[in-house]
1. Considering only segment 119-163, how many residues are assigned to a helix (DSSP H, G or I) and open to solvent by 70 Å² or more (accessible area, probe 1.4 Å)?
2. Quick one: would you say L209 is among the aliphatic types (A, V, I, L, M), open to solvent by less than 10 Å² (accessible area, probe 1.4 Å) and either in a helix (DSSP H, G or I) or touching a residue at least 24 places away in the same chain (Cβ under 8 Å) (or both)?
3. Given S95, S65, which one is within 30 Å of I200 (Cα to Cα) and either in contact (Cβ under 8 Å) with a residue 60 or more places away in the chain or open to solvent by 60 Å² or more (accessible area, probe 1.4 Å) (or both)?
4. Of everything in segment 25-44, what is within 12 Å of the chain's Cα centre (by Cα), among the hydrophobic types (A, V, I, L, M, F, W, C) and buried (at least 21 other Cβ atoms within 10 Å of the Cβ)? Give them in sequence order.
5. Being open to solvent by 30 Å² or more (accessible area, probe 1.4 Å) and either at pLDDT 85 or above or assigned to a helix (DSSP H, G or I) (or both) is the filter here; which residues of segment 71-84 pass it?
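The values are calculated or read from the model by the stated rules, or taken from the named source; none is laboratory data. In this text, all values refer to a predicted model and were calculated from it rather than measured experimentally. Cβ placement follows ideal geometry from the backbone for every residue including glycine, while neighbour counts extend to all protein chains displayed. In case anyone asks, the SASA skips ligands and DNA or RNA and just uses the protein heavy atoms, side chains included. Shrake-Rupley method; radii C 1.70, N 1.55, O 1.52, S 1.80 Å.
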Amino acid sequence: MDGNANRRMSRKQRAAVACFKFSLISVSTLLTLLGFALIGTGIIVRLSEDFQFSLFTHLAIASVSIGFGTIFIGIVGCCSVVVRKTAVHITFISSVIIGLLATAVVCCWLVIQRNAVFEESRVSLRNAIAGYFTNDTYKQFINNIQHRLECCGAEFGLSDYGAQLDLEADTVCEMQFFAKPCHQPLWEYLSQKLILVLVINVSTGVILLLEFLLSLVMFCLLSIHI
């Protein structure tokens, strides 16, 4: 009777190990896909035509870096299921912890920097309008924003151009947008990008946490030679 009970328990334990292995591989695969998503998001942010803010340079670099790290963790996670060696599992768990810390730092940084985007967008608009009639780069920058966001000027609309406006007003802004300044729409547009990256990073953090818990269980099971 006791032998049969032990054998039944052994089958249950083996089934549990198989379940954890499948779960770990599935989560690792999902983590790898999220890594590619982070890399793609960073590249899109970096190459977008309205990319004019230093904050988004750092954001793109951080997204791509965490993306590559996440892909590495996902691959090591799959290998840890196949290669039953303590060194591989320790490397995997350490990588997951580092990934969790990096993701948490980026998420906190994104939340803190949201106000910085508000101020930087206002300063950038002011500088672009100040050099609108003398600098082609500024002119193209502000024209792109005014066309895309259907607005005019920075904080007060057409009046932001002041005495510089020696041409017909409708050559600078479309008439129906004279009274609609660009600062608020631009800030909302940039905030959406921040929120997108934040959501992907939070999702990555959740998956990393699940990966960490699964890896701990797997390590414990393997350490008692089940």
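1. First, pick out the residues of segment 119-163 that are assigned to a helix (DSSP H, G or I): 119-130, 136-149, 157-163.
Those still in the list that are open to solvent by 70 Å² or more (accessible area, probe 1.4 Å) too: 119, 126-127, 136-140, 147-148, 159, 163.
The total comes to 12.
2. On the way: among the aliphatic types (A, V, I, L, M): yes; open to solvent by less than 10 Å² (accessible area, probe 1.4 Å): no; either in a helix (DSSP H, G or I) or touching a residue at least 24 places away in the same chain (Cβ under 8 Å) (or both): yes.
No.
3. Working: S95 fails: either in contact (Cβ under 8 Å) with a residue 60 or more places away in the chain or open to solvent by 60 Å² or more (accessible area, probe 1.4 Å) (or both).
Exactly one of S95, S65 is within 30 Å of I200 (Cα to Cα) and either in contact (Cβ under 8 Å) with a residue 60 or more places away in the chain or open to solvent by 60 Å² or more (accessible area, probe 1.4 Å) (or both), namely S65.
4. The first filter runs over segment 25-44 and keeps only residues within 12 Å of the chain's Cα centre (by Cα), leaving 34-44.
Retained after the next criterion (residues that are among the hydrophobic types (A, V, I, L, M, F, W, C)): 34, 36-39, 43-44.
L34, L38, listed by residue number.
5. As a first pass, look at segment 71-84 and keep what is open to solvent by 30 Å² or more (accessible area, probe 1.4 Å): 72, 75, 78-79, 82-84.
If the condition is that a residue be open to solvent by 30 Å² or more (accessible area, probe 1.4 Å) and either at pLDDT 85 or above or assigned to a helix (DSSP H, G or I) (or both), then F72, I75, C78, C79, V82 are the ones that fit.
Okay, residues lined up against (1) within 17 Å of the chain's Cα centre (by Cα); (2) at pLDDT below 75; (3) open to solvent by less than 20 Å² (accessible area, probe 1.4 Å):
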{"residue": "R14", "(1), (2), (3)": "no, yes, no"}
{"residue": "C19", "(1), (2), (3)": "no, no, no"}
{"residue": "S23", "(1), (2), (3)": "no, no, no"}
{"residue": "F51", "(1), (2), (3)": "yes, yes, no"}
{"residue": "G69", "(1), (2), (3)": "yes, no, no"}
